[in-house]
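The values are calculated or read from the model by the stated rules, or taken from the named source; none is laboratory data. As the structure is a computational prediction, the values presented were derived from the model and not from experiment. Quick reminder, even Gly has a Cβ in these numbers, built from the backbone with ideal geometry, and neighbours come from all protein chains shown. All accessible areas refer to the heavy atoms of the entire protein, side chains included, with ligands and DNA or RNA removed. Shrake-Rupley method; radii C 1.70, N 1.55, O 1.52, S 1.80 Å.
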Amino acid sequence: MKERYNLIGKFLIESFKQSKMKSIICCLVMLILTFLSVFLPVILQRIIDVAIGGKNASALFLYGGAYMAIMITIAILNMIQQYNLSYVKTKMTIRYKYLLLKKLSTFSGTYYSEQKSGEVLNIVDNDTDMVENYGIDLVFDFVRNIITSIFALTMLIHLQSTVLCIIIGIQIITIIVQSKFSRVLADKTAEVREQSGRVYNIIEQYISNILEIVILKARRYFMVHYLENEGEFARKGIRLDVLFSASSQSATFLSSLITILVYIIGGMEIIKGSLQVGELIAFQQYTAMFIGPCMGVLKINESIQRLCVSLDRIYGFLKSDSMIVQDNKALRFPDHVSEISMTHVNFGYVNDKVLKNINYTFRPGKVYAIVGATGCGKSTIINLLYRLWDVDSGEITINGKNIKEYSLCSLRKSIAVVSQNTFLFDDTIENNLTLNNSKIKQKNYIAVCKQIGIDDFISKLPEGYQTQVGENGVKLSGGQRQRIAIVRMILQSKDILIFDEATSALDNITQEHILDNLRRYYESKIVIMIAHRLSTIKKADEILVLDQGEIVEVGDHESLMKKKQYYFQLVEERSA
């Protein structure tokens, strides 16, 4: 219970900070609306007992006009309230989604390899929608209902205390019943959310990999797996809906019981002559104002259970450990990188040791190639430089300082990577090249495209550089996508350039042409290449040969071939 109130409190404080003025307006309007609503039954009583009962036409028009004026005011204030509430909750929803997406980019490689994307999507989509649909509205309704019920209770005590005792007795029974339902509903709602995340993950996998699934003829496997989980989600959802219905119907029955008792007892009082018709109607309206908000609080409590589950998942995600610890120094990355040193670096994924006692220094102006058999740790070195993982022991330094001392954001901004799995946004070629960086002018990216040899094919497209490439560049060939990624990397002008199988989709002639043209961009930069093809690595200034996580040879292509050791064997095997 305490945790629930803490979540709601935290949510309210953040909402107020994001929209202070509009939050204050919402509070003031809520108080005015409450006061006006409570005043309406008094006017109605006067219309019936004083104006109609006393056959007073002037009083009838006076009280009738006042009633209409209050109703018009309430309508206007409700529209003002709705606008301000919509603004506040929309701003909070956008903020939550922004924070969640921003947090997602700070996790370590362990998180990306283990976390199911469907579960994250469920939090970003469904849970933020839950906060938007129920969050601020729930809180304001809750406060308004409490204030209204207190006002109504005061008027009921003044009008008829005997009937009030019966009403309160039934209301206590209602509260007990609803509180029982609330506890069960909270648990069942959490179960449904978890199952929803599993279904989301299966669907996301299917949509993201539809071509591979069709090629593998794995559709039947997916459908069976999907229907099993969707069926379980449906069963849990139905049980939850039945519980909500039972909770609602029990509350409705007890509310109806109170209404009929008021009319029976009030009718008897009218027959005796101790109560007027207007007083009975006013009493009934105040009873509704008392019971309605009380029931509203109970129903809001059910929604609050759902809201708290969503808030808990959102805040839990935002507070989750990224496993990449930011050193308190958080130094700004240097403008010029003079060296990258790996000293006694050891690293392993879980219990699998991948790198063993790596010692090496990369310097600007050279092209380095890292080669070795599959699983020897080539890409792991890149992951450690980019701090997707941290070393188990030893250290990696840049300009003599441990990379953990640098701001993670500035470190990653200073490293440009082109991988085999090239990613392109569903946008124009121009925006994929520049990433909307206004500092990169048209003449700059066109010049580089000509140098890399893709300007010809882009210029022949109907819309040239404004051509939409489709989701992940689906409208382009693999080679075209890789060349666009290479141009994008060059335009970023980083000191550290990494090619991770970046030319795998190119034929040997095209690759040779591009690599030769890239030489002019390598000056004063550290260039690291990971590749299997001999044509990619043979022109490297220095080749690091890895075997089972250790550097076993270092040298250029010719010197390593003369040694006729492990590198020589690799070349012979690939040539064969």
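Descriptive notes on the structure:
- Here the peptides 196-202, 404-410 are ranked by packing, the mean other Cβ count within 10 Å, and the order with the highest first is 196-202, 404-410.
- Tail weight of P(r) past 24 Å, computed on alpha-carbon pairs of segment 348-454, percent: 43
- Extended-chain gain in nm, criterion 0.36 nm per residue less alpha-carbon gap, Y522 and Q249: 90.9 nm
- With the highest mean first, a sort of the peptides 13-21, 53-61, 427-435 on other beta-carbon atoms found within 10 angstrom per residue produces 427-435, 13-21, 53-61.
- Förster-model FRET efficiency, 35 Å R0, Q565 and R219, C-beta, rounded to 0.05: 0.10
- The figure for D49 is an accessible area of roughly 30 square angstrom, using a 1.4 Å probe on the protein chains alone.
- Accessible surface, per residue, of segment 346-433 when the full set of protein chains is kept, probe 1.4 Å, Å²: 41
- Taken about its Cα centre, segment 401-490 carries a charge dipole of about 440 debye when Lys and Arg each add +1 at the Cβ and Asp and Glu each add -1 at the Cβ.
- Each of Y349, Y360 has its accessible area taken with a 1.4 Å probe; listed largest first, they run Y349, Y360.
- Area accessible to solvent at V345, 1.4 Å probe radius, in Å²: 0
- Efficiency of FRET from Cβ geometry, N6 and L31, R₀ 25 Å, rounded to 0.05: 0.45
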